[in-house]
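Values in this text are rule-based calculations from the coordinates and carry no lab data. All of these numbers come straight from a predicted model, not from anything done at the bench. Please note: Cβ atoms are built from the backbone with ideal geometry, for glycine as well, and neighbour counts cover all protein chains shown.
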Amino acid sequence: MEIRINGKVLNVKLENEKTVGEVLAGVEQWLSNTGFVFSGFSIDGQQITASIIKEAFYREIDSINILDIKTESRASHSVLSLHILLEDISSFENLNFEEKTKFFNSWKESGCAQFLKIEMQDLFILCENAFSSMSLSLADLRSITEERAREVSEPVIEFTNIESVLNTICERLIDLPLDIQTGKETQAAKTIQLFAAVSEKILRVFFQLDTQGYLVYNEEQKETVIQQITEFTAILRELLDAYERNDSVLVGDLAEYEASVRIKEIYNAILSYLNITE
């Protein structure tokens, strides 16, 4: 059997794979390390649609001449899925109460939902909150979705725009233990929420910059950034845990001397590797 990806012959030797499904699983695993995702396939010129995909998966490769696999960039697929989600939000908005209660069960089986469940699990959960329990407003879900679409389609702009917000929230972290001690619980909670949100955004956009080829660095430099991120996420978890336990001393130390310092180091490291083409 000849395997093609987007029309080009893939020079690979099959080992234990016996069925189309096994071959596709291997290709999908290989694609996970690239900036591309699986988008469809055909067998001997026949495009495989949803109605026959299960049967196609069990086809033995000895009975096939050409398996042609289609891929597209993960960024393009993400943007498309996010724009479809925006349309779904508008559709949900126009439904009556009874129709809204049934919407999520149907929506979660859609291609858009399946992609989000794998690639953007946190956003999928927010969709569940909005479409199923209705504990999140549609306005908030729409705003979050639009932001995610910008992060994928304009990652450089989104990343450079974070700097002023990051500096402001890191300054607020210095006052965090005092806010806790003096009973300013609302302000303290807002500071923690904003810092966590900004940190998560930096890490999300870093992934887009990396997979879309905007970062110019060698493997050792990349590993250093990833190590910094790993250490920072551990500190962030420790900070959130200390805040929940109302340990203002530990919160102060972690916020001022660890968390704020580490996230700035990560941001500046990524910024230094950013390749901006005029």
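Structure notes:
- Result for the chain in a Gaussian network model with C-alpha springs under 10 Å: among 190, 54, 117, the largest mean-square fluctuation is at 54.
- Among 4, 262, the ranking by other beta carbons within 10 Å of each residue's beta carbon, starting with the fewest, stands as 4, 262.
- Cα centroid of the range 1-72 to Cα centroid of the range 83-147, whole Å: 31 Å
- Estimated [θ] at 222 nm from DSSP helical runs (n ≥ 4, -39500 (n - 2.57)) normalised by residues in the chain, nearest 500: -20500 deg cm²/dmol
- Were the residues from residue 72 through residue 143 laid out at 0.36 nm apart, the gain over their Cα-Cα distance would be 23.0 nm.
- By the count of neighbouring beta-carbon atoms within 10 Å, fewest first, 215, 194, 173 end up ordered 194, 215, 173.
- Neighbour counts of C-beta atoms inside 10 Å place 83, 77 in the sequence 83, 77, starting with the fewest.
- Between residue 39 and 70, 71, 72, the built amide H atoms are under 5 Å apart, and every one of these is 5 or more places off in sequence or on another chain.
- Counting only alpha carbon atoms, the long axis of helix 97-107 and the longest principal axis of the chain meet at about 60°.
- Compared with the direct C-alpha span, the chain from residue 22 to residue 150 gains 42.6 nm at full extension, assuming 0.36 nm per residue.
- Built amide H within the under 5 Å cut-off of residue 136, gap 5+: 130
- Within the chain: Cβ-based charge dipole about Cα centre, in debye rounded to nearest 20 (Lys, Arg +1; Asp, Glu -1): 460 debye
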